[in-house]
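These notes are about the structure you will find just below.
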Amino acid sequence: MALLQLTEPGQSAAPHQHRLAAGIDLGTTNSLVASVRSGKAGTLPDDSGQHLLPSVVRYIPDGVIVGEEAKAQAVLDPLNTIVSVKRLLGRGVEDVKTLGSRLPYQFKQQQNTVPRIHTVAGDVTPVEVSAEILKTLNRRAEKSLGGELEGVVITVPAYFDDAQRQATKDAARVAGLRVLRLLNEPTSAAVAYGLDHGSDGIHAIYDLGGGTFDISILRLRRGVFEVLSTGGDSALGGDDFDRLVAEWIMQQAGIDDSADHAMLRRLMRDACSAKETLTTAEVAPLRVDLGNGDYWEGKLTREGFEQLVEALVRKTLVSCRRALRDAGLRPEEIEDVVLVGGSTRVPLVRELVGEFFRTRPLAEIDPDRVVAIGAAVQADVLVGNKSGEEMLLLDVIPLSLGIETMGGLVEKIVPRNTTIPVARAQEFTTFKDGQIAMAIHVLQGERELVSDCRSLAHFELRGIPSMVAGGARIKVTFSVDADGLLGVEAREESSGVKASVVVKPSYGLTDLEIEEMLRDSIDHAAEDLEARGLRERQVEANRTIEALRAALDEDGEVLLDKTEYQAIEEQLDKLIEVSGGSDQQAIKQQIDNLEKACEFYVERRMNASVKKAMAGHSVKDFE
């Protein structure tokens, strides 16, 4: 990301002035808060000594309960107890419906907006639910550290899109926290790991949590963490393992899809318990409450569990393979693989990851705590406390950013895996004579056509001076900050008029969009190039048609006789006809035919212009 020493000149903290800061891992299943005390980073426990805070929020008529107590009531009060809310952050109502089996909540019926969950305490958004978790962690930190926090670093999955990152920052703002930075979870783990081991070289950070998966390839060299590539899936994690086990139990126990919310919660609870048991045991006994005093008893073996989840684990390896390809590396060039996230405790995960990278994965730092510890280290430096050594974090954006151009094409301005923070600019121009406004459509994705990419924002640049087509110089600048959040500005260079937007979409990508964007960009590369070529020819044809139409309207009847005019009209009509087709070669050929048919007309227009310019002057006036 960025240089971690942000203390203003002249404002460095004196040795005795230790500013309080914390790192927060806002997780899908569990959350943690950590801080640096006496030079050592560690997670902070609650009053009962527990470091992990279950990411569960229960709403009751007269208040809110967060953590272990809320988790205990999830089965008894499923409609008012929100679990795995991180999966809902930055998503719209339609997106949420694609998250797998039906969720045990009552959503307020809205279209393409932030989802609102109906509870006894009123309708709440995922941002508000997440804020309750952050408030609890903030209180824990301030009680442990004995004062008010000056700032926090909150970690997010590397593959969180702009909407999900913004939703996380919004939740922190609702919780009353000052966010020093959003830090990608794999990068945070690398900070914690790198400080402990100090080993230069290339490392893979494999982060499989409760609801998200990230893979990052980093180079550590003399205190500089450079993210070479990143990949993952913002809707794949241990919750999905639980869901597969729950569906297996339903089949075995004869439970149909009409099961009520309480039954769904019991199934997910029992499935999670079985998964955790199978981390160390070969068999997990099951006793499922069917309601009305009935129970189903059975068992799940580790082999059976691995058959259920193997496809999901291998899906993470597809992202690993892509990340290596983006970094230009082979598996054997990775020195070590650091495991992050509670789901990496699953033996099959460790086995397949080890086989893929051809090295034994490292889990020497608690996979649940390593992200929070890295965030605490960075928060300690960002808030102004002295660090033993400076670090430079060079992170990257996961998907390309660009704008729509004529013909429905995407012009990429910031390619994916570009190091952030970054600012990139590119010049564009007007399409029509006298154009005084331009619509800017901001997009995210790897495909060539607008229809295949993710729309992030629209805004307009107005007040462009009236000029001929192509006369204006519109400079579009994309700025991605250290949090991975985007701002776009458009400026007309001759007049100085400008417009800008901070991209704040109201909801994020659907489950498979990011993965599909990358996969489709590879699978459809030739097809996309062909489509781009066609659109470019069509744009060229439209420009030719508009320019010729304008010329004919101005002086066609004066400079051309009826036969000549009809000949040009015939060629123009042919271009109009073929420009709507899909044969780019035919469009090019007809553009050439029209230009040849108009050569004499162009020459007459030039002569007429010269004659008009010289009217009333002698040759000596132009010497």
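The values are calculated or read from the model by the stated rules, or taken from the named source; none is laboratory data. Model, not experiment: these values are computed from the prediction. When we count neighbours, we look across all protein chains shown, and the Cβ atoms used for this are built from the backbone with ideal geometry, even at glycine. Protein only, heavy atoms only, side chains kept; ligands, DNA and RNA dropped before computing areas. Shrake-Rupley method; radii C 1.70, N 1.55, O 1.52, S 1.80 Å.
Some notes on this structure:
- Charge tally in the Cβ shell below 14 Å around SER495, where Lys, Arg are +1 and Asp, Glu are -1, SER495 excluded: +3
- Among the listed pairs LYS574/LYS611; LYS498/LYS588; LYS412/LYS475, those whose Cα-Cα separation exceeds 25 Å are LYS574/LYS611; LYS498/LYS588.
- Label-to-label distance, ARG173 versus ASP260, with points set 7 angstrom from Cα along the beta-carbon direction: 4.1 nm.
- Carbon plus sulfur fraction of accessible area for region 127-237, probe 1.4 Å, in percent: 41
- Three principal axis extents of the chain based on alpha-carbon atoms, in descending order, are 102, 67, 55 Å.
- Theoretical gain in end-to-end length, SER495 to ILE436 [0.36 nm per residue, Cα-Cα removed]: 20.1 nm
- Counting protein heavy atoms only, region 396-501 has 49 percent of its accessible area on carbon and sulfur, 1.4 angstrom probe.
- Label point at GLU142 placed 7 Å out along Cα→Cβ; residues across region 154-179 whose backbone nitrogen lies under 12 Å: 175-178
- Residue-wise HN-Hα coupling along region 227-237, computed from phi with Karplus coefficients 6.51, -1.76, 1.60 (Hz; x: Gly, Pro): 7, 7, 6, 8, x, x, 8, 7, 9, 8, x
- Within the accessible area of region 251-322 (1.4 Å probe), percent carbon and sulfur: 45
- Given charges at Cβ of Lys, Arg, Asp, Glu: region 121-209 dipole, positive-most of GLY201, ALA190, VAL124: VAL124
- Furthest towards positive pole of dipole, SER234, LEU278, MET268, structure part region 171-284, Cβ charges: SER234
- Taking amide H positions as modeled 1.01 Å from N, with prolines and chain starts lacking one, the residues under 5 Å from GLN106 and 5 or more places away or on another chain are HIS118.
- For region 294-301, 3J(HN,Hα) per residue [Karplus equation, 6.51 cos²θ - 1.76 cosθ + 1.60, θ = phi - 60°, Hz, x = Gly/Pro]: 9, 9, 10, 10, x, 8, 10, 8
- Cβ-Cβ FRET estimate between ALA72 and LYS315, R0 fixed at 25 Å, reported to 0.05: 0.15
- Spin-label pair ASN607/GLN585, simplified geometry with 7 Å Cα→Cβ offset, distance in nm: 3.8
- Label-point separation, GLN252 to ARG325 (7 Å along Cα→Cβ), nm: 3.8
- Long-range HN-HN contacts of ALA121 with modeled amide H, under 5 Å: none
- Distant-in-sequence amide H partners of THR418 (H built 1.01 Å from N, under 5 Å): ILE397
- Couplings 3J(HN,Hα) for region 542-558, derived from phi with the Karplus relation 6.51 cos²θ - 1.76 cosθ + 1.60 (θ = phi - 60°), are 4, 5, 4, 4, 5, 5, 5, 4, 4, 5, 4, 5, 6, 9, x, 6, 7 Hz, where x marks Gly and Pro.
- Computed extension gain for TYR295 through THR563, at 0.36 nm per residue and net of the alpha carbon distance, reaches 87.2 nm.
- Simple Cβ-charge dipole of region 298-371, Lys/Arg +1 and Asp/Glu -1, about Cα centre, in debye nearest 20: 280
- Heavy atoms of the protein chains alone define the surface here; on that basis region 146-235 has 25 Å² accessible area per residue at 1.4 Å probe size.
- Dipole size of the chain about its Cα centre, with +1 on Lys/Arg Cβ and -1 on Asp/Glu Cβ: approximately 1460 debye, rounded to the nearest 20.
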